[in-house]
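Undergrad: First the structure, which I've put down as structure tokens, then a few questions once you've had a look.
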Amino acid sequence: MLQKLEMDKIVSLCKRRGFIYPSSEIYGGISSCWDYGPIGIELKRNIKDAWWRTMVQERDDVLGIDTSILMSPEIWKSSGHISNFTDPMVECKSCHSRWRSSELKEDKCPKCNGELTDPKMFNLMFRTFMGPVEEQANTIYLRPETAQGIFVNFANVISTSRKKLPLGIAQIGKSFRNEITPGNFIFRTREFEQMEMEYFVKQGTDEQWFDYWFKERYKWYINLGIKPENLRLRQHGKDELAHYAKACSDIEYLFPMGWSELEGIANRGNYDLTQHSEHSGKDLSYYDRESDTHYLPFVIEPSAGVDRSLLAFLLDAYDEEIVKGESRVVLHLHPSLAPIKVTVLPLSKKENLAVLAKEIHKQLCRSFTTHYDDSQSIGRRYRRQDEIGTPFCVTIDFQSLEDNQVTIRERDTLAQIRVPIKNLDLILHAKLKGEIFSTSEL
Ligand code: GAP
């Protein structure tokens, strides 16, 4: 087990195995933008699916939506993002590097020790123009959070779903921030994906729901395999609260650069609905039939980053082990997150073996993300699968042609069991769910 894993190892594994590549690489790259490769996109989809399953599918008090990235600029005036979504920025007078002044420990440039300018407030929203004329009146913004798309659709969702409060509205989507100091691989980037849920409740019940959602979100990471010793809670001080927040707690992860925010859980009060009611002139209050009253609900918001969670899952799963005198790199990813669930490995490329292996691959593809690999030695092929976290390899050997059995090799225990081909699908389903079979059941 590595005590303090350097980020470089993960960056290099990601490039080598097709998880993540630097964006625009053939043109020399573009700072802090990343592309997900064939293995990375599977992991990313699995994280988003796991979130959606827990936060929407398995609940009857949360509904999902998908709103546009470009929205009326009035939204950002009302939400306070145009005037308040800023970071204090300083510039080095010698080397002209720019820094978030809140991050600096000293009054000197961390790069060249030069003198710094006074802090200037810098708005983090990306601006562009709607339509062919580039003029002030046509300025619009790339959304810096998905949350506002939810607030401005609150009344639509309530009236079309006929649901009562408490009710959550969830969304997964891209957000953009012109960060002053992006970095640490995919930890802080200018384009990223968020998984956000706004949970609308009656004022007075908000603190209890805040505690509830904090615990639920913490459990989500633990259930997906994050080690408890790598997670902790941090409450925001009054001076660091976002402009909309009444209270906020972060779930922090022990990243290689130290404890840092993985997900924020905020009590946004009724700030957003009040602002949008006032500025749009539309009544966004909720009619509570039981008490025959109208009110603007309070909102509890668990807000997670897809890319940041992906980085935490990778770091937490990474291990270097010695097996029979040889070292192996392995990702002990939770089976539901593993990009590839099963890889089919014929022991030889000989035609009769290949025909059977391809048939098995075709059959398994219908149920699982399945790969097929017939290149190089079996040992090397296992190592490749360990490095991308594939929980099961199915090996087809010459004996398989005789007895219609194949070998399942398990990533974590390295156990190998022989099973009938006809039961393979069933056994792998059960194994992926963590069910244990006795040999007689196979
Ligand atoms: N709607 C509330 C909100 O956006 P936030 O704490 O600014 O709150 C929520 O962001 C989450 O989004 C963070 O915990 C992080 O996981 C992710 N996130 C924020 N900025 C990011 C960035 N520049 N790069 C990657 N992920 C980011």
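No value in this document is a laboratory result; all are computed from the given coordinates. What you see is a predicted model; the values in this text were computed from it and never measured. When we count neighbours, we look across all protein chains shown, and the Cβ atoms used for this are built from the backbone with ideal geometry, even at glycine.
Undergrad: Net charge near Ile186: determine it from the other residues with C-beta under 9 Å of the C-beta of Ile186, scoring Lys and Arg +1 and Asp and Glu -1. It would help to have the intermediate numbers written out before the result.
TA: On the way: positive: Arg188, Arg308; negative: Asp307.
After counting each charged neighbour, the total is +1.
Undergrad: Between 0 and 90 degrees, rounded to the nearest ten: what's the tilt of helix 306-317 against the longest Cα principal axis of the chain?
TA: For helix 306-317, the angle is close to 40 degrees.
Undergrad: Fully extended, how many nm does the chain gain between Glu320 and Glu103 (0.36 nm per residue separation, minus their Cα-Cα distance)? Intermediate values should be presented prior to the final figure.
TA: Values: separation 217, 0.36 × 217 = 78.12 nm, distance 3.31 nm.
Stretched out fully, the Glu320 to Glu103 stretch lengthens by 74.8 nm.
Undergrad: Taking Cα centroids, how far is segment 326-362 from segment 65-129 in Å?
TA: Spelled out, the Cα-based centre of one part sits 47 Å from the other.
Undergrad: While we're on this one: For a bin width of 10 Å, list the pair-distance distribution of the chain built from all Cα-Cα distances, rounded to whole %.
TA: 4, 18, 25, 23, 16, 10, 4, 0
Undergrad: Same structure, new question: Work out, step by step, the length gained on full extension between Lys358 and Glu115: first 0.36 nm times the residue separation, then minus their alpha carbon distance; give nm to one decimal.
TA: Separation in residues times 0.36 nm, less the Cα-Cα distance, equals 81.0 nm.
Undergrad: Continuing with this model, one more query. For the chain, modelled as a GNM with alpha-carbon contacts under 10 angstrom, which of Asp386, Asp283, Asp118 fluctuates the most?
TA: Asp118
Undergrad: Fewest to most neighbouring Cβ within 10 Å: what's the order for Trp259, Trp99, Trp52? List each step's numbers first, then the result.
TA: Working: Trp259 14, Trp99 20, Trp52 17.
With the sparsest Cβ surroundings first, the list reads Trp259, Trp52, Trp99.
Undergrad: Lys and Arg at +1, Asp and Glu at -1: add these up for the other residues within a Cβ distance under 11 Å of Ile408 and post the number. Intermediate results must be reported in sequence, preceding the final value.
TA: Values: positive: Arg409, Arg411, Arg418, Lys431; negative: Glu410.
Net local charge, Ile408 excluded: +3.
Undergrad: Run the numbers for Gln416 and Thr128: contour at 0.36 nm per residue of separation, minus the present Cα-Cα distance, in nm.
TA: Values: separation 288, 0.36 × 288 = 103.68 nm, distance 5.67 nm.
Result for the pair: 98.0 nm of gain on full extension.
Undergrad: Something else: Which angle from 0 to 90°, rounded to the nearest 10, does the C-alpha axis of helix 351-365 make with the longest principal axis of the chain?
TA: 30
Undergrad: Could you run the Karplus curve 6.51 cos²θ - 1.76 cosθ + 1.60 with θ = phi - 60° over segment 413-427 and give me ³J(HN,Hα) per residue in whole Hz, x for Gly and Pro?
TA: 8, 6, 5, 10, 10, 9, 9, x, 4, 5, 9, 4, 4, 4, 5
Undergrad: To check you understand DSSP bridge types, tell me what percent of the beta bridges within segment 340-441 (both residues inside) are antiparallel, rounded to 5. Please list the in-between numbers first.
TA: Values: 9 of 17 bridges.
Beta bridges within segment 340-441, antiparallel portion: roughly 55 percent.
Undergrad: Got a sec to turn the phi values of segment 88-96 into Karplus ³J(HN,Hα) couplings, 6.51 cos²θ - 1.76 cosθ + 1.60 with θ = phi - 60°, whole Hz, x for Gly and Pro?
TA: Karplus values, whole Hz, x for Gly and Pro: x, 10, 10, 10, 6, 6, 8, 9, 6.
Undergrad: Could you tell me the center-to-center distance, by alpha carbons, between segment 171-190 and segment 278-311 in angstrom?
TA: 24
Undergrad: What lysines does Lys227 reach when the alpha-carbon gap must be under 18 Å and sequence neighbours fewer than 8 apart in one chain are set aside?
TA: Output for Lys227: Lys4, Lys215, Lys219.
Undergrad: Which Rg and Dmax, in Å, describe the Cα atoms of segment 88-202?
TA: 19.6, 61
Undergrad: When you take every Cα atom in segment 254-321, what is the radius of gyration, and what is Dmax, the widest Cα pair distance, in Å?
TA: Expressed in Å, the Cα Rg and Dmax of segment 254-321 come to 19.8, 64.
Undergrad: Okay, next question. What is the angle, in °, between the Cα long axis of helix 7-17 and the longest principal axis of the Cα atoms in the chain? Nearest 10 is fine, range 0 to 90.
TA: Approximately 60 degrees, to the nearest ten.
Undergrad: Out of residues 5 or more away from Ile140 or on other chains, whose amide H comes under 5 Å of its own, with H placed 1.01 Å from N in the peptide plane?
TA: Long-range HN contacts for Ile140: Thr128, Phe129, Met130.
Undergrad: Tell me, what is the FRET efficiency for Lys9 and Cys95 to the nearest 0.05, using R0 = 25 angstrom and their Cβ-Cβ distance as r? Don't skip to the answer; put the middle values down first.
TA: Numbers: r = 30 Å, r/R0 = 1.18.
Taking R0 as 25 Å, the efficiency between Lys9 and Cys95 is 0.25.
Undergrad: Would you list which lysines come within 26 Å of Lys350, measuring only between C-alpha atoms, while excluding same-chain residues fewer than 8 positions from it?
TA: Here the lysines satisfying the reach criterion relative to Lys350 are Lys341, Lys358, Lys362, Lys422.
Undergrad: Counting other Cβ atoms within 10 Å, keep those with at most 13, restrict to DSSP loop, and tell me which trypsin sites (Lys or Arg not before Pro) in segment 312-384 are left. The partial results should precede the final answer.
TA: Numbers: sites: Lys324, Arg328, Lys341, Lys349, Lys350, Lys358, Lys362, Arg366, Arg380, Arg381, Arg383, Arg384; in loops: Lys324, Lys341, Lys349, Lys350, Arg366.
For trypsin sites (Lys or Arg not before Pro) across segment 312-384 that sit outside H, G, I, E and B with at most 13 neighbouring Cβ atoms in 10 Å, the list reads Lys324, Lys349, Lys350, Arg366.
Undergrad: Label points 7 Å out from Cα along the Cβ direction at Thr139 and Asn223: separation in nm?
TA: Reported label-point gap for Thr139 and Asn223 is 4.4 nm.
Undergrad: Would you list, by chain and number, the lysines whose Cα falls below 19 Å from the Cα of Lys164, excluding same-chain residues fewer than 8 positions away?
TA: Once the sequence-local lysines are set aside, what remains near Lys164 is Lys202.
Undergrad: May I pose another question? At a Förster radius of 41 Å, what calculated FRET efficiency corresponds to the Cβ-Cβ distance of Asp66 and Arg232, to the nearest 0.05? Show your work: numbers first, answer last.
TA: Numbers: r = 32 Å, r/R0 = 0.79.
Plugging the Cβ-Cβ distance into 1/(1 + (r/R0)^6) gives 0.80.
Undergrad: Once the mean 1/r over all distinct Cα pairs of segment 340-441 is inverted, what Kirkwood radius in angstroms do you read off?
TA: Here the Kirkwood hydrodynamic radius works out to 13.5 Å.
Undergrad: I want the local charge near Phe19. Using Cβ-Cβ distances under 11 Å, sum +1 for each Lys or Arg and -1 for each Asp or Glu among the other residues.
TA: Values: positive: Lys15, Arg16, Arg17, Lys44; negative: Asp35, Glu42, Glu387.
Taking every other residue near Phe19 into account, the sum is +1.
Undergrad: Could you tell me the calculated FRET efficiency between Asn156 and Met257, based on Cβ-Cβ distance and R0 = 35 angstrom, to the nearest 0.05? Kindly include the intermediate steps, with their values, before the conclusion.
TA: Working: r = 41 Å, r/R0 = 1.18.
With R0 = 35 Å, the Cβ-Cβ based efficiency is 0.25.
Undergrad: Using only DSSP helix segments of four residues or longer, with each worth -39500 (n - 2.57), what per-residue ellipticity at 222 nm results for the chain after dividing by its residue count and rounding to 500?
TA: Working: 13 runs with 130 residues, N = 442.
Calculated at 222 nm, the ellipticity per residue is -8500 deg cm²/dmol.
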